[in-house]
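The values are calculated or read from the model by the stated rules, or taken from the named source; none is laboratory data. Everything numeric in this text was worked out from a predicted model, so none of it was measured. Neighbour counts are summed over all protein chains in view; Cβ atoms, including those assigned to glycine, are modelled from backbone coordinates with ideal geometry.
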Amino acid sequence: MWERIRVLISRVLVAVGRDRAKDDFEEEAAAHMELLADRFVGQGMTFEEARYAARRQFGGVSQLQESLRDELTYRIVDSLAQDIAFALRQLRAAPRFAMVVVAALALGIGASTSIFSVINAILLRPMSYPEADRLVWLGEVMKRNTTDEVTLTPNFLDWRRRNRVFSGMAAYNVVPRTLLANGEATQLRTVKASAALLSVLQAEPLLGRAFLPGEDRKGQDQVVILSYPLWQQAFGGDGSVVGRRVLLDDGAYEVVGILPPCFHFPTLQPIDLMTPLGKNEELELTRVDGTTTIVRDVVARMNQGVSIAQARAEMEVIEASLTPPSFLRGVQMAVKVVPLHERFAGGARFGLLAVLCAVGCVLLLVCANVANLMLGRGEARRREMAIRGALGASRGRITQQLLVESSVLALLGCGLGLVGAFWARSLLVSLIPQTLPGPVTLPLDFRVLGFAMVISFGSTIVFGLGPALASARVPAASALTSDGRSVTGGVRRRRWLSALACLQMAIAIVLLTGGGLMLRSFWKLRYQDLGFSPDRVVTATVNLSRGRYPSAGKQSVFIDAVLERLRSIPGVEGVGFGVLPPGDGHATNGFAVEGREQPAQGRRAAARQYSVSPNLFRMLGMRPRSGREIEAYDGEGSLPVALISEAFARSQLPGEDAIGRRLRFEPNTPWRTIVGVVPDVKTAGLASPAEPTVFVPYRQSGFVGGDGVGFLVRTALDAAPLGPEIRRQVAQVDPQQPVIRIEMLDQRLSESVVRPRLAAVLLGGFAVLGLVLAALGLHSVMFAMVRSRYREIGIRLAMGGLPGDMVWLVLGESLLVMAIGLAIGTGCALWLSRVLESLWFEVSGADPVTFVGSAMLLVATGLAASWLPARQASRVDPMEILRNE
Amino acid sequence: MTPLKPEVLQGTLDLMVLQSLAALGPLHGYGIARRIEQVSEDSLKLNEGTVYQALLRLQQKGWISSDWGVSENNRRAKFYSVTRSGRKQLTRETESWHRMARLVGKILQLGNEG
């Protein structure tokens, strides 16, 4: 055994420095033969005879060298080096072929991998907790109620105490708060969470510690854990911040920990910091009206071996045994248990499938292109293969050489593709707007990269070997003589190539229509008619903290003062306070309309509630459908009034005159009289329909804080310098009340659709990629077709045909290919777009504009790609052809 | 002596080369060929170049080593010498040959008697 290893090592070493061993032997042999010759001379032979005899006695040197070589080293390495050199020479001799193949591979691999990685990481965002499939989300629903799914805190507490299927359960609420640091106020998205949240998610803090159970009680909860990005941005990554206090708008908190950089909360938006949920558990459990709070999200980790069905069953039993608080008596509650990633997938399942389809299409195109080119080249080298065979090359040797050639090509293409993937990735990252949540450094998805490379490598090799192997079986004689005289073979091959081109056209159309539909959806989403004109409106988001503005009176004073000042800014046409479209989240406020029965167990509808300034709608350019707007005289002392949106009127008071009817939100609050019906304003994002909304004057409202409210200022002049001015005016009223964000209403609307825009752009990128690859394919096929029909074209021209006719010959063929491909592709595209219907916004899956436009684009590109071959056909010299016969 | 069959030849040639080097000390290829010619009483008709194949095999297995030197006719030649593991191998092979010879002899004897 030891000897075998020695032999192996020796052979490998020699393979690396083989020439020396060869020279060595030559010298040895020469010396040996000289000695032999001397001996023969000593025996009486002449010099010549002696030399001859010596050579004979020694044996054939070159033969010996060959067999020594076999022993000395691994033959394959030898021939491999030869083959590689030859392959590189061949590629240099056919640069266009090499470049097109390498370009197709690189484009396909690089672009598809990087686009997929971006989409996967940013738009689809798979959950990345340890054993994430054990995590579930829980929520309560009113039976047969389809709006919000939140959980009553006492129920959550009971769930936690009584279940036997979860190893841990935690609840959390997303709360907007303001951080006051270095004299600046920054708005943050924060979470109030149970102390157990980190352990349920199996996450460890980077620095410091998690919350203690004792800190998760009202009064003991003045501790905070910072997220990594916030720690870097606001505190410069300074480790000593642990133990210090930070000031939020609702108090001072001591920093006890920092989260690691890759940690994400199970929420739709990124979270900046976390404080304890801080509920008063004893009080909650008494379930007295007014003490019961809610939590929005509950997450739990199932025990090993527990299935989600079992967990669901257990929780249903527990839920059925709970006593609801008095104001919900008679309402049946149910518990909902879903896997966590489904809850926060953000519509991912279809999206992922769609994107994977796109990647698959692109790779198919790449394979088709490669097949096309390799097959064409194989055909052109039939003579060469025949000659090799005739000269004694074994099939194995030829196969090895072709394998090496294909591998060299594939390696070049894959290598370039890898480089391209990284480069494209960094390009894409720089295009992504910063406001999107997502990993800081975008990882390339190596599964897709590996898959793409394997496919490309495989197809290059398969198609490179195929035709040559087939032609190796052809008797050398026939291949060596006539070249192309076999008409039948030529036609059949052309049909294959045309079929390939049709396939490519079909795939390209699918990608184009997909991308087109996505772009149109996005366009409709962004530029839909919102009922108001957002031009030259500046919004200023404020977040009135409950601590400093505890009563309606104080809030009104503040808002009044700010509005007054804003009105006085030169150039301002109108000011207002209230809802800032487009909003996000869902309506959650339950309400009651006087005179309409509140079904005890039925749908408990919810509506949005906004506190607004007088004449807000006039300022936005809208007019009430009926009744009037809120006026300045609707103040604290006067009749409580409200405006309702059309959606509210439609759902609650259909067919009736809403004016004069009364409604209220909380029970035991005064009834409000409806004085006007206003047009809908989108409050749940641009993609959702407008929700039923109620507007009350801010002077008559309880608390106007929360997300998505602020001041609106319409100006007649350029809006840019307005920002600092607004801040200054607000600061003059209350220096400690920060203006969170100032942005144009236009900008706000744009930012709310950042994700759909990114999706549209990326899918559009796929479409363009597909178009380029398909055009490349068509180009090659047309070129091959022209080349294989050279004789026919020459004869036609010689018989009186015009060059122009030849152009039409080629273009006609390419149009036919495109037509067939279009037909097939459009059919597939229609079917696919019906399957992916949920992705389109207000655009039908069979939108004619998109389909016709894509078809026209494809045909135009295809014709452009066929132009060069067509020109070549027209330039064929008939004399040349005839001479070669 | 009838000429040996080629399959047997490879193994025995290696052995003869190894033995020659062990007995006579460092030799070059020509010297080894002469020694074999002498020992086999000129009945081994092989091309002398095949000695180099045997030398390569032995060298790859580490049983002999080589060094450049000067031959009788003042040319550069490679001299081969047996290594320690080569000597061990020689002993092993010799023993195994003897064992086989005894065994075959016994069988033949039995055959003769029976």
Taking the stretch A:565-605 and keeping only residues that are part of a strand (DSSP E or B) and either at pLDDT 75 or above or hydrophobic (A, V, I, L, M, F, W, C) (or both), one is left with A:Val572, A:Glu573, A:Gly574, A:Val575, A:Gly576, A:Phe577, A:Gly578, A:Val579, A:Ala592, A:Val593
On the basis of being surrounded by 17 or more Cβ atoms within 10 Å (Cβ to Cβ), in contact (Cβ under 8 Å) with a residue 60 or more places away in the chain and within 14 Å of chain A (Cβ to nearest Cβ), does B:Leu18 make the cut? yes
Matching residues, the stretch A:274-297, being surrounded by 15 or more Cβ atoms within 10 Å (Cβ to Cβ), hydrophobic (A, V, I, L, M, F, W, C) and either modelled with pLDDT of 90 or more or farther than 30 Å from A:Leu230 by Cα (or both): A:Met274, A:Leu283, A:Leu285
Exactly one of these conditions fails for A:Ala684: (1) surrounded by fewer than 20 Cβ atoms within 10 Å (Cβ to Cβ); (2) of a type outside the set (D, E, K, R); (3) part of a strand (DSSP E or B). Give me its number. (3)
Strands (runs of 3 or more DSSP E) wholly in the stretch A:245-327 with at least 1 residues that are within 16 Å of A:Pro339 (Cβ to Cβ) - which ones? A:297-302
List every residue pair whose Cβ atoms lie under 9 Å apart, where the two residues are 6 or more positions apart in sequence or sit on different chains, the first residue falls within the stretch A:841-856 and is among the polar types (S, T, N, Q), and the second residue, located anywhere, is surrounded by 19 or more Cβ atoms within 10 Å (Cβ to Cβ) and assigned to a loop (DSSP other than H, G, I, E, B). A:Thr850/A:Val843
Can you tell which of A:Val7, A:Val14 is within 12 Å of chain B (Cβ to nearest Cβ), surrounded by 13 or more Cβ atoms within 10 Å (Cβ to Cβ) and at pLDDT below 75? A:Val14
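So which residues in the stretch B:65-95 are away from chain A (no Cβ under 11 Å) and of a type in the set (Asp, Glu), if there are any at all? Give the steps one after another, and end with the answer.
So the first thing to find is which residues in the stretch B:65-95 are away from chain A (no Cβ under 11 Å), and the list is B:65, B:67, B:81-84, B:86-88, B:90-95.
Listed by number, the residues that qualify are B:Asp67, B:Glu93, B:Glu95.
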Being of a type in the set (Ser, Thr, Tyr) and more than 10 Å from chain A (Cβ to nearest Cβ), is that true of even one residue in the stretch B:46-64? no
What strands (runs of 3 or more DSSP E) lie completely within the stretch A:139-242 and have 3 or more residues being at pLDDT below 85? A:166-181, A:184-193
Test for A:Phe97: is it at pLDDT below 85 and farther than 30 Å from B:Tyr80 by Cα: yes
Name the residues in the stretch A:726-763 that are within 12 Å of A:Ala540 (Cβ to Cβ) and touching a helix residue (DSSP H, G or I) at 6+ places or on another chain (Cβ under 6 Å), would you? A:Gln729, A:Val730, A:Val739, A:Ile742
Name the pairs whose Cβ atoms lie under 8 Å apart, with the first residue in the stretch A:80-96 and free of Cβ contacts under 8 Å to residues at least 40 places away in the same chain and under 12 Å from A:Val408 (Cβ atoms), the second of a type in the set (Gly, Ala, Ser) and surrounded by 11 or more Cβ atoms within 10 Å (Cβ to Cβ), and 6 or more positions between them or separate chains? A:Arg92/A:Ala98
Can you name every residue in the stretch A:238-290 that is touching a residue at least 60 places away in the same chain (Cβ under 8 Å) and of a type in the set (D, E, K, R)? A:Asp249, A:Asp250, A:Asp272, A:Lys279, A:Glu281, A:Glu284, A:Arg287
